[in-house]
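Asker: One structure follows; several queries about it will come next.
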Amino acid sequence: RARIAILISGRGSNMVSLIEAAQAPDYPAEIVLVASNRPDAPGLARAAQAGLATVTVDHRAFSDRAAFERALDAALREHGAELLVLAGFMRVLTPWFVEAWAGRMLNIHPSLLPLFRGTHTHAQALAAGVRVHGCTVHFVVPELDAGPIVAQAAVPVLPGDDEDALSARVLVQEHRIYPAALALVASGQARLDGGRVVFSEGSGAAEGAL
Ligand code: GAR
C-alpha cells in the first residue's frame, strides 16, 4: 500500500472521505500523516480522532516560503510519505517543492478545470452563467491549477443557486472522485508520463467510470 500524506488548511471534509476510503482492506493506499499549515485547522482534530499522525508546520513561523517548504518537506519524508494529497491546502507551492514531488502530488480543485482557476470558483461559475460546474483531481505542476487531469465530475447549475448551494452540490462529487482518483494513482493505474496522465487498461477510465 502506497504511503500517503494529506495536506490540509481547514475543515478537512475531503480528508475524511480519503480516510474512510483507506479503511477498506483492498484500498491501495494508507494514510501515514495529515499535515496542516494552520494550527487551528478543524481537520487536524478529525484526523487525530481517526487515530492518524498529525503535524502542523505553521507557515507564519518561517521567514519565507522556501524555509516553510523545507520544513514541510522534512516532516513528510520523516513519516515516509510516498504520495502527497492536497485537500483544501491553501498555500501556493514553489517550483522547488512541486519538482521534488513531481508525479507524486495530487490536488482537488472545485471547478471543471481549465475553467475557474484560483479562489471563489463557485462565485466565478455563477458569474459566468455556466449551466454545468464541478470538480477536478489533477497532478500538481508549478503553474497554479494547471496540472494534468486524473478525474472530473460535473454537476448542474440550477436556477436560484447561490454559492452555498452550488458548493455543497460540488462537494458531494469531490468526496466521490478524490478517493477513486487516489486509488488509481496509488495503484499505478494512472501515472504521469511526459506531462500527460496515462491510464492503464482496467482502470475504469476507458469505461468513463471516473
Ligand atoms: C474543497 O472544496 C476543495 O476543492 C477546495 O477547498 C475545499 C476544502 O474543503 N480546494 C481549493 O480551493 C484548492 N485551491 P475541505 O477542507 O472540507 O476538504
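Asker: Net charge near Leu33, counting Lys/Arg +1 and Asp/Glu -1 over other residues with Cβ under 9 Å of its Cβ?
Answerer: 0
Asker: Sticking with this structure for a sec: Taking 7 Å along the Cα-to-C-beta vector as the label spot, tell me the Asp58-Asp26 distance in nanometres, rounded to one decimal.
Answerer: Inter-label distance under the simple model: 4.5 nm.
Asker: Could I ask something else about it? Gap in Å between the Cα centre of region 144-196 and the Cα centre of region 64-107?
Answerer: That distance is 20 Å.
Asker: With every protein chain left in place, what is the accessible area of Arg65 in Å² (1.4 Å probe, nearest 10)?
Answerer: 100 Å²
Asker: Cα gyration tensor of region 30-137, axes a ≥ b ≥ c as square roots of the eigenvalues: rounded (a/c below 1.5), prolate (a/b > b/c) or oblate?
Answerer: Prolate shape, in that a/c is at least 1.5 and a/b is the bigger ratio.
Asker: Next up: Give me the percent of Cα-Cα pairs in region 133-210 that sit more than 15 Å apart, rounded to a whole number. Don't skip to the end; give the middle numbers.
Answerer: Details: 1770 of 3003 pairs.
Summing the P(r) of region 133-210 above 15 Å gives 59 percent of all pairs.
Asker: I've got another one for you. What value does the chain have for Rg/Rh, both radii from Cα atoms and Rh as Kirkwood defines it?
Answerer: We get a ratio of 0.95 for the chain.
The values are calculated or read from the model by the stated rules, or taken from the named source; none is laboratory data. If you're wondering where the values come from, they're calculated on a predicted model, not measured in any experiment. So basically every Cβ, Gly included, is an ideal-geometry build from the backbone, and we count neighbours across all protein chains shown. For accessibility, only protein heavy atoms count, side chains too; no ligands or nucleic acids. Shrake-Rupley method; radii C 1.70, N 1.55, O 1.52, S 1.80 Å.
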